[in-house]
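A.B. asks: Following this message is one structure expressed as structure tokens.
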Amino acid sequence: MKREKAKRLNRALQEIDDAYLEEAAPRASGKPRRSVWLAAAAAVLCLALILPAALSRHGAGGLLIAAPDYPSMAPYPKEDSLFFDSQYTAWSRDLRTQTHQPAGYADGLEAFFSQSIPVLLTGEAGENRVCSPLTVYMALAVSAELANGESRQQLLSLLGVESIEALRAQAKAVWNSNYRDDGAVKRVLASALWLSDDVDYVPETLQRLADTYYASSYRGEMGSAAMNDALHRWLNEQTDGLLEEQAADLELDPRTLLALTTTVAFRCKWVETFPVGATKQGVFHSPDGDRDVDYMRRTMSDVYYWGAHFSAVSHRLEDGEMWFLLPGEGASPEDLLRDDEVMAFLLGRSAEWENQKYLTVNKILPKFDAASDIDLIEGLKLLGVTDVFDSNWADFSPTAASNEGAFFSQIKHAARVSVDEEGCAAVAFTALIAPEAGMPPDEEVDFILDRPFLFLITGQDGLPLFTGIVNRP
Amino acid sequence: MEDSGIIHLFFARAEQALSETRRKYGTYLDQVAYGILRSRRDVEEVVNDTYLGAWNAIPPQIPASLKCFLAQIARNLALNRLDYLTAAKRARHAEALLSELEDCVPDRSSNPALVWETREIGRAVNRFLSDLEPRRRTLFVARYFYGRTLAEAAEQLGITPRQAKYQLSLVRAALKTYLEQEGIEL
């Protein structure tokens, strides 16, 4: 009799308020939690628009002349605050406002990413390669505003939009859906224009860049120490110092008419932390030989995906997701980039992917810190953007009246992604057999990234924030 | 995808609603069902049935919290499954939970003929929980709604399993007193 009553009470617990369920949920995504695992990433893209004719120089460096008005966001709620509930409500409301962008705003971007990612990640064999497709998108969108005629048209075609008006609407939505600065997560697609104080710029264009693309404008003496210092300070501030080395290499040539820098920095906690103490050294089979790396481990119920030449899992971030793609034996990450099936999978079709199974996945992932420095000019030429690099054809009339002969002389893209864990201690690590690409076993699968692999970090909207090939963790 | 988007897919009768739901809440639902059933095979069935349950319920329903709505379906299905399993004496973990919940059953019975509606009992439990110190409330819900083991619930709160056990015994005694004071019949 008492047992029956206990059962009734157990059934009645079904009615427990949502708020209490959230409070006690074993894993409440988006809620504050203690976490030791971090993924950090940063990218910078610098376009330099050179005017070959030497200009007389005067003035100081780095004067801010236009600043965008970033959206305000309620701070991330404090777990132990008496006002947690109201803080949480305000924070989630602001987050929703940012992520609710017009339906279909990202339509057409898939074509751009599927074309550009393989080009961006093509490089020297055996090296790590990292890029931020979204940063490249934003820099090219701003470039389209600066250009006109065929120069602009080539950029619009690559970005997959029909008109500059369509691009403006899309870029603003993309920027907003990816904006988050609430004290817990900082993810800002920041842009800055560096202008020579010898040139009269078109003020309407600068204003539009601030309003639509959230770009700041600085003006000063190109090539001066003060201007270069201002540039380095801005870059380091935006990328949290993660790309200090690469930023130091950027110098503004005295002939520079305008430089555009676009950055994104991203630090985020995992939703499911990797147990402290489960990390253990193991062998990673790099192209240039085996090396010892630290592997983190977690066994969990999750979706395992596979294709003809790859297997994949994702690991959720509190503000996005990180995907890991392991090529099948005999294939390389570069091979995957040439595979249309892989690109389709990467660019957001995983939810409808036929070859997926929910099972127990033993995730065994190496800690890594991958960085690379890429010059994009040749890659963009391959993708059909040529005029802006040719002083005979480039048209930058929306930027400045005296733009004759101006052209983009360099587009440098640096990016770094690190995945790390604090306080590792050793427990027994059993060597497991790496899976072949293909259908998994019935109940459980080992997903071991012990050879070169491809990764992708997406934000809440699923757009590719960072992608890369890790050959040497 | 935001919950509103997923609910929109349910309303549009788009099967993507199921894949998006699984993608966003699959792991969570797995834990809800696993807390009660402690068997992967049973969990898989229950969670799949949960998606079907959501498909049949939305529309017409519009959940205030999709996550909690799904959790309630999953838990209900898991309890149904548990009835079958306990009949077959296959659920030791659930037996332990029920045995602890027996501590909350009021001794006195003012009107044995009266059996309260489950919903009313649930409301009384919510009133009780609303006055409970938040950490104890979390512990109670983690243990008896989500079916966490003592060790898991303790870890969630950063206390030892021994402390968790002691705190839970206090909460159960308090709930029993409360239900008695409210004159609630189970």
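A.B. asks: Which Cα, out of B:Ile6, B:Gly53, B:Leu79, lies furthest along the positive dipole direction of segment B:3-90 (beta carbon charges, K/R +1, D/E -1)?
C.D. replies: In segment B:3-90, that residue is B:Leu79.
A.B. asks: Something else about it: What is the dipole size for the protein assembly as shown, taken about its Cα centre, with +1 at each Lys and Arg Cβ and -1 at each Asp and Glu Cβ, in debye to the nearest 20? Show your work: numbers first, answer last.
C.D. replies: Details: 68 positive and 94 negative charges, 653 e Å.
The calculation lands at about 3140 debye.
A.B. asks: To continue, here is another question. If the only charges are +1 at each Lys and Arg Cβ and -1 at each Asp and Glu Cβ, what is the size of the charge dipole of segment B:3-90 around the Cα centre, to the nearest 20 debye? Please report the intermediate quantities before stating the final value.
C.D. replies: Numbers: 12 positive and 9 negative charges, 56 e Å.
Dipole size: approximately 260 debye.
A.B. asks: Turning to a different aspect of this structure: Given R₀ = 56 Å, FRET efficiency for A:Glu150-A:Asp292 by Cβ-Cβ distance, to 0.05?
C.D. replies: 0.60
A.B. asks: How would you order A:392-402, A:360-370, B:11-21 from highest to lowest mean count of nearby Cβ atoms within 10 Å?
C.D. replies: Descending packing order for the listed peptides: A:360-370, A:392-402, B:11-21.
A.B. asks: How far is helix A:2-12 tilted, in degrees, relative to the longest principal axis of the Cα atoms in chain A, given as a value from 0 to 90 rounded to the nearest 10?
C.D. replies: Its long axis makes an angle of about 10 degrees.
A.B. asks: Using the 2.2 N^0.38 Å rule of thumb for compact globular proteins, work out how segment B:3-90 stacks up: its C-alpha Rg over that value, please.
C.D. replies: On the way: Rg = 13.1 Å, N = 88, 2.2 N^0.38 = 12.1 Å.
Output field value: 1.09.
A.B. asks: I've got another one for you. Per-residue mean of other chain beta-carbon atoms within 10 angstrom of the beta-carbon, peptide B:133-143?
C.D. replies: Values: counts 0, 4, 1, 0, 5, 4, 1, 4, 9, 5, 1.
That average works out to 3.
A.B. asks: Another question about this same structure. Would you work out which of A:Ala247, A:Ala6, A:Leu167 lies farthest towards the positive end of the dipole of chain A, given +1 charges on the beta-carbon of Lys and Arg and -1 on that of Asp and Glu, about the Cα centre?
C.D. replies: Selected residue: A:Ala6.
A.B. asks: Additional query: In nm, to one decimal, how far is the A:Glu245 label point from the B:Asn126 one, both placed 7 Å along Cα→Cβ?
C.D. replies: In this crude label model, A:Glu245 to B:Asn126 measures out at 5.7 nm.
A.B. asks: For A:Glu341 and B:Lys176, what is the calculated FRET efficiency with R₀ set at 56 Å and r taken between the beta-carbons, to the nearest 0.05? Display every interim value, and only then the final one.
C.D. replies: On the way: r = 60 Å, r/R0 = 1.07.
My answer for the efficiency is 0.40.
A.B. asks: Using the Cα centre as the reference, give the magnitude of the dipole from point charges on the C-beta atoms of chain B (Lys, Arg: +1; Asp, Glu: -1; all else neutral), rounded to the nearest 20 debye.
C.D. replies: Details: 26 positive and 24 negative charges, 93 e Å.
About 440 debye.
A.B. asks: Provide the three semi-axes, in whole Å and in decreasing order, of the ellipsoid equivalent to chain A as defined by the square roots of 5 times the Cα gyration tensor eigenvalues. Numbers along the way, then the final one.
C.D. replies: Details: eigenvalues 354, 147, 85 Å².
Largest first, chain A gives 42, 27, 21 Å.
A.B. asks: May I ask you to list the residues of segment B:163-178 whose amide nitrogen lies under 20 Å from a point 7 Å from Cα along the Cα→beta-carbon direction of B:Ala96?
C.D. replies: Under 20 Å, as judged by backbone N against the label point of B:Ala96, lie B:163-173 of segment B:163-178.
A.B. asks: For the pair B:Ile159 and A:Ala401, how long in nm is the line joining their label points, each one 7 Å along Cα→Cβ?
C.D. replies: My value for the distance between the label points is 7.6 nm.
A.B. asks: Just going by the charge dipole of segment A:58-211, with Lys and Arg at +1 and Asp and Glu at -1 on Cβ, which of A:Thr122, A:Ser72, A:Leu140 is farthest out on the positive end?
C.D. replies: A:Ser72
A.B. asks: Please compute the average number of Cβ atoms from other chains found within 10 Å of each residue's Cβ in peptide B:155-161. Please list the in-between numbers first.
C.D. replies: Working: counts 0, 5, 1, 1, 0, 0, 0.
Taking all residues of B:155-161 together, the mean is 1.
A.B. asks: Starting from the 7 Å offset along Cα-to-Cβ, what nm value, one decimal, do you get for the label separation of B:Asn80 and A:Thr89?
C.D. replies: In this crude spin-label approximation the distance works out to 3.5 nm.
Any read-out appearing in this document is the output of simple, stated calculations on the displayed coordinates, not a laboratory observation. On a predicted model such as this, the values are computed, not experimentally measured, just so you know. FYI the Cβ positions are ideal-geometry reconstructions off the backbone, even for glycines, and counts take in every protein chain you see.
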